[in-house]
Amino acid sequence: MIPMLNNQPLRIKSLLALIAAALLTCAGSANALQVLDGVVGKKHVVRIPARELTRLSIEDGRLQSMRFLSEELEVQQDKESGSVYLKPRVEDKQISVFVVSSSGATHELILQPVASMPLESVVIRDPAPTRPQHRAGPGASGKTPENKASSLDQSLKRLILAMARGDAEGPGFTVERLSQPLALWQDVTFTLVGRFRARTHIGDAYTLVNSGTQVLTLAEQEFYRPGVLAVAVDQHLLRPGESTIVYVIRGADDE
């Protein structure tokens, strides 16, 4: 059996997040390296290069203002695009930032400078506005983009459920047990332990061990790469020696 998440509440929470992220990405075409889904009251931990520039922008919008400590962060504004370029002035601490978009939404970011990281781009998605429900009138097909996406992604949901349960086999997908160490970050042991393969999607299960001496903070967006549809991390805070499971969903064509 492929490793599962540690307990039922966390498994359900991570599973729902993974399905939502996968369906959202399938419905659109955003392939930014780090994508932050704006949620009111949620703090996003974001790894940024300590010695290179990071571009910060708002998806389908503009960055209106920022609040930060000038002795901790250098900010260069790009008025034409509505984005900014960031460069830390400190390397040994996290940097707290408030970002206000043109829609009026406020996003709380905790920036974590990383010495060995190259230049980066970060995109923030504003929370979707609440829209009234409309019934289909006489003669209407009743097919909405949401219904269409739901019908197309049943296999994806089954794949994600199988990953969360740690299934060894199932209809419509195959499972390969692996033990393949991969290079990720310093003081981290990252191992591919299972691959779930369906017709249109591939799900990879990894174990991540904090092999260093400091507490490690993880965020889903750190594992996004071009072609990745969704990521779920079980434990976001690892003390030295602790481990977690990381699930990554991607399209079958991106193998």
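The values are calculated or read from the model by the stated rules, or taken from the named source; none is laboratory data. Given the structure is predicted, the values throughout are model-derived calculations rather than measurements. Every residue, glycine among them, receives a Cβ derived from its backbone with ideal geometry; neighbour counts consider all protein chains shown.
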Discussion item. For region 36-44, check the following and say yes or no: at least one residue is more than 15 Å from residue 106 (Cα to Cα) and under 21 Å from the mean Cα position of the chain (by Cα).
Written reply: no
Discussion item. Anything in region 221-246 that is in contact with a Gly (Cβ under 8 Å, 6 or more places away or on another chain) and modelled with pLDDT under 85? List them, or say none.
Written reply: 227, 229
Discussion item. Cβ contacts < 7 Å: first residue among the basic types (Lys, Arg), restricted to region 171-195; second residue surrounded by fewer than 16 Cβ atoms within 10 Å (Cβ to Cβ), any location; separation 6+ or different chain. Result?
Written reply: 195/176; 195/178
Worksheet, complete the sentence: Among 65, 101, 57, 70, the single one that is farther than 25 Å from residue 188 by Cα, of a type in the set (Ser, Thr, Tyr) and under 18 Å from the mean Cα position of the chain (by Cα) is 57
